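Everything below concerns the one structure shown next.
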Amino acid sequence: MRNPVPVSAQRRQALAHRSPLETPPRFGRARLRQQVADPLPRSIPDRLWTELFAAMECDRDRALLEFFVSGGARAEELLGLTTADLDWAGQRIWVISKGSRAREMVPASPQAFIYLARYLDQAGTPAADERIWRARRGQARPLSYWALRRVLQRANRKLGTNWTLHDLRHTAATRMANGGRLTLAEVQAILRHADIRVTGRYVTARVEDLVDKLAEHYSRPRPAATFAPGYDPADIAAVFGA
């Protein structure tokens, strides 16, 4: 048996992992291959997120995860942070946005700044023009994208998962879009999406997030049968059965 649909070598190259700092190449589909719908963004459920956070080995990595999931910044945007990009009082950071290359504000949680303060106390505060995230091994140098990806790979090996750095941004977007406190337009502004339809893909309902609600639904007692005034329950039971 031979598959009549040819395999595109260019497509294999397109699916290979690349650093987001590099310009992504564009490839066409192979002949006879149909276009398929894009899968929904993959986010990390709360229970698995807790396990992933616990697998981090230092405050630097914990701070990075908190910045990822609270503000939805991209990996290359977070790695470019300097001390001048930190607003400790306003609980926000300033990043160079991937699309527009403009310097834009991204909110962050208080926990992210707490872990960042612990990390800077241990590693020391860098100069104003230096990146705040530094490698822990080898000579003093900024933390690279591939080193950060390696941190997540070690956690995946320990937990038996396969999360990626961009899944962290998907997790932040899914939490914001389904939390009930932010409108879709507000989520779009935080994530800096050019098209609100991209933000709308995060409005989803996952079965794993509904387990507690389903358990409550199943344990809810059935409503008692009531009859209109004037009907004798004994007569109803005699006609329709108990």
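The values are calculated or read from the model by the stated rules, or taken from the named source; none is laboratory data. In this text the structure is predicted, and so the values were computed from the model without any measurement. Positions of Cβ are generated from backbone atoms using ideal geometry, with glycine treated the same way; all protein chains shown enter the neighbour counts.
The C-beta contact set for the range 52-80 (first residue in contact (Cβ under 8 Å) with a residue 40 or more places away in the chain, second residue in a helix (DSSP H, G or I) and of a type in the set (D, E, K, R), distance under 7 angstrom, 6+ apart or interchain) comprises ALA55/LYS158; MET56/ARG62; ASP59/ARG118; PHE68/ARG169; GLY72/ARG169; ARG74/ARG169. Selection of the range 112-152 for residues being polar (S, T, N, Q) and modelled with pLDDT of 95 or more yields an empty set. Scan the range 38-47 and give yes if some residue there is assigned to a helix (DSSP H, G or I) and at pLDDT below 90, otherwise no. Yes: one or more hits.
Looking at this structure, is ALA185 of a type in the set (A, V, I, L, M, F, W, C), over 14 Å from the mean Cα position of the chain (by Cα), in a helix (DSSP H, G or I) and surrounded by 13 or more Cβ atoms within 10 Å (Cβ to Cβ)?
When the stated conditions are applied, ALA185 does not pass them.
Among the residues of the range 108-148, those that are surrounded by 14 or more Cβ atoms within 10 Å (Cβ to Cβ), part of a helix (DSSP H, G or I) and in contact (Cβ under 8 Å) with a residue 60 or more places away in the chain comprise TYR119, ALA123, TYR145, LEU148. If you go through the range 196-230 and keep only what is surrounded by 10 or more Cβ atoms within 10 Å (Cβ to Cβ) and hydroxyl-bearing (Ser, Thr, Tyr), you end up with THR199, TYR202, THR204.
Only one of the numbered conditions (1) exposed (fewer than 14 other Cβ atoms within 10 Å of the Cβ); (2) in a helix (DSSP H, G or I); (3) of a type in the set (A, V, I, L, M, F, W, C) is violated by ALA155, and that is (1).
Applying the set (1) farther than 27 Å from LEU40 by Cβ; (2) loosely packed, with under 15 Cβ neighbours inside 10 Å; (3) not charged (D, E, K, R) to ASN162 leaves exactly one unmet item: (1).
Are any of the residues in the range 87-107 in a helix (DSSP H, G or I), surrounded by fewer than 21 Cβ atoms within 10 Å (Cβ to Cβ), on the phi < 0 side of the Ramachandran plot and free of Cβ contacts under 8 Å to residues at least 24 places away in the same chain? Checked against the condition, which is being in a helix (DSSP H, G or I), surrounded by fewer than 21 Cβ atoms within 10 Å (Cβ to Cβ), on the phi < 0 side of the Ramachandran plot and free of Cβ contacts under 8 Å to residues at least 24 places away in the same chain, the range 87-107 yields no hits at all.
Does THR171 meet the test of being β-branched (Val, Ile, Thr) and without any contact (Cβ under 8 Å) to a residue 24 or more places away in the chain? No, not satisfied.
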